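> After the structure tokens below, expect a handful of questions from me.
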Amino acid sequence: GFVAQPRWIPRLKVSLDFFKYNISDQVGTIPVNTLFQSLCYDSSAAYASNPFCSLIVRDPTGTNGGAVPGGVKVVQLTNQNVAKVKVEGYDASIEYAVVLEDLFQKDLGSLAFRADATWMYKWALQGLPNQAYTQLANTINNATPEWKGSASVRWTYHDLAVTWTTHYIGSMISTNAFAPSALSPYYTGDYYNHDLRVSYKLNDQVGLRAGVLNITDETPPYLPETY
């Protein structure tokens, strides 16, 4: 990433960061059928050295299972380090401040503007070894919006400060467990809410703060499965 503060525009700061990370050996539980077939019976690894086959405990005598020598007695569905996650995206930020006296030749305090945004276009999960990756970016069921951001303006006048902040979450898929035609609405639509904060410094020891979160009382999006 980088941060730029151009000299020809005082009090302006712009930053952009690219992030990409791969998580291996994430914790997950292996379904029974997948454990038996894909990871043990159909695996090319030798049975004795296959760690997944060792989770299947057999009864060599047939006295403790289903009266079948070699029958399955216990399948250990413990948490295993079997999953992988790939994430990519960008973070951007811009800040700018204005001294109002420079514009109006009168002491009216200052304004500070800031905006932050994140574009996370990849959040892919491989639940089990050799499985295809599932794209979970921009889905409610994975709580990973593709687009999100916030913007604020802060007015400061001597010991008084007033801040307005707007939060944004882009339209998301209700759940990717269904096809788009199976849900209405399939996308939640864009969501905004707003906060107002006020602070006042009485002296060096005492300061007062007050505020209202979600001042316009915006309700979360309605989802099809919640009626």
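> Testing K148 on (1) at pLDDT 95 or above; (2) among the basic types (K, R); (3) within 30 Å of I56 (Cα to Cα), one condition comes back false. Which one is that?
(3)
> Where in the range 60-168 are there strands (runs of 3 or more DSSP E), lying wholly inside it, with at least 3 residues that are surrounded by 17 or more Cβ atoms within 10 Å (Cβ to Cβ)?
In the range 60-168, 79-99, 110-126, 147-157 are the strands (runs of 3 or more DSSP E) which contain 3 or more residues that are surrounded by 17 or more Cβ atoms within 10 Å (Cβ to Cβ).
> Out of the residues in the range 89-123 that are among the aromatic types (F, W, Y) and under 21 Å from N22 (Cα atoms), which is modelled with the lowest pLDDT?
W123
> For the range 180-221, which residues satisfy the criterion of being assigned to a loop (DSSP other than H, G, I, E, B), of a type in the set (A, V, I, L, M, F, W, C) and open to solvent by 50 Å² or more (accessible area, probe 1.4 Å)? Spell out how you get there, then give the answer.
Keep residues of the range 180-221 that are assigned to a loop (DSSP other than H, G, I, E, B), which gives 183-186, 188-190, 202-206, 213-221.
Imposing the further condition that a residue be of a type in the set (A, V, I, L, M, F, W, C) reduces the set to 183, 202, 206, 213, 215.
Scanning the range 180-221 gives L202, V206, L213, I215.
> Being in contact (Cβ under 8 Å) with a residue 12 or more places away in the chain and in contact with a Gly (Cβ under 9 Å, 6 or more places away or on another chain) narrows it down to one of V198, V162, so name that one.
V198
> Quick one: how many residues across the range 113-159 are of a type in the set (S, T, Y) and closer than 30 Å to D25 by Cα? Spell out how you get there, then give the answer.
As a first pass, look at the range 113-159 and keep what is of a type in the set (S, T, Y): 118, 121, 133-134, 139, 144, 150, 152, 156-157.
When the remaining residues are screened for being closer than 30 Å to D25 by Cα, the result is 118, 121, 133-134, 139, 144.
Final tally of qualifying residues: 6.
> Of everything in the range 15-59, what is open to solvent by 50 Å² or more (accessible area, probe 1.4 Å) and within 30 Å of A112 (Cβ to Cβ)? Give them in sequence order.
Residues satisfying the conditions are L16, D17, F18.
> Say whether the condition of being within 30 Å of Q80 (Cβ to Cβ) and among the hydrophobic types (A, V, I, L, M, F, W, C) is met by at least one residue in the range 206-227.
no
> Among the residues of the range 24-56 satisfying the criterion of being of a type in the set (V, I, T) and within 13 Å of P129 (Cα to Cα), which is nearest to the chain's Cα centre (by Cα)?
V27
The values are calculated or read from the model by the stated rules, or taken from the named source; none is laboratory data. What you see is a predicted model; the values in this text were computed from it and never measured. For neighbour counting, all protein chains shown are included, and Cβ atoms are generated from backbone atoms with ideal geometry for every residue, glycine included. To get the accessible areas, we keep the full protein, side chains included, count just its heavy atoms, and leave off ligands, DNA and RNA. Shrake-Rupley method; radii C 1.70, N 1.55, O 1.52, S 1.80 Å.
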